[in-house]
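What follows draws every value from the coordinates through simple rules; no lab data is involved. Not measured: the values here are computed from a predicted model. Don't worry about glycine lacking a Cβ; one is built from the backbone with ideal geometry, like all the others, and counts go over all protein chains shown.
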Amino acid sequence: MRAVNIKVTGKVQGVFFRESAKDVADELNLNGFARNESDGSVYIEVEGEETALEKFAAWCHEGPEHAKPEEIKVTRQPLSDFQGFRIERDEK
């Protein structure tokens, strides 16, 4: 098990990025959350098996159909023992 946080910048708000991230995380059996940030980015904390995390991070470079991710920053962090994957309210 490993945990990372991911910051995705570009056209990632208003394009169902968080909802799509939840779908992908659920398919990969990953736990954590995604939320919109006030700077227009999406912030994700996610944990699970290394291979699944790599697939998730690769998906973040593409995102859903109308998204245009520009920069994806992945940083390791300690495990938080999340239960499931949720969408959090926007950070304002």
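Give me the net charge for the shell around Trp59: Cβ to Cβ below 14 angstrom, other residues only, Lys and Arg +1, Asp and Glu -1.
-4
To the nearest 10 degrees, how steep is helix 17-27 against the longest Cα principal axis of the chain, on a 0 to 90 scale?
With both axes taken from Cα atoms, the answer is about 20 degrees.
Between Thr75 and Glu49, what is 0.36 nm times their sequence separation minus the Cα-Cα distance? Round to one decimal in nm.
This chain segment gains 7.8 nm when fully extended.
In the set (1) 0.95; (2) 1.14; (3) 2.56, which value of Cα Rg over 2.2 N^0.38 Å was calculated from the structure you see?
After the calculation, the listed value that fits is (1).
Relative contact order (percent) for segment 32-72, with alpha-carbon contacts under 8 angstrom and 6 or more residues of separation?
Numbers: 28 pairs, mean separation 9.4, N = 41.
Taking the mean separation of contacting Cα pairs over the length of segment 32-72, I get 23 percent.
Provide the net charge surrounding Asn5, with neighbours chosen by a C-beta distance below 12 Å and charges set as Lys +1, Arg +1, Asp -1, Glu -1.
The answer is +2.
Need one number: % antiparallel among DSSP beta bridges in the chain, to the nearest 5.
Looking only at bridges with both residues in the chain, the antiparallel portion is about 90 percent.
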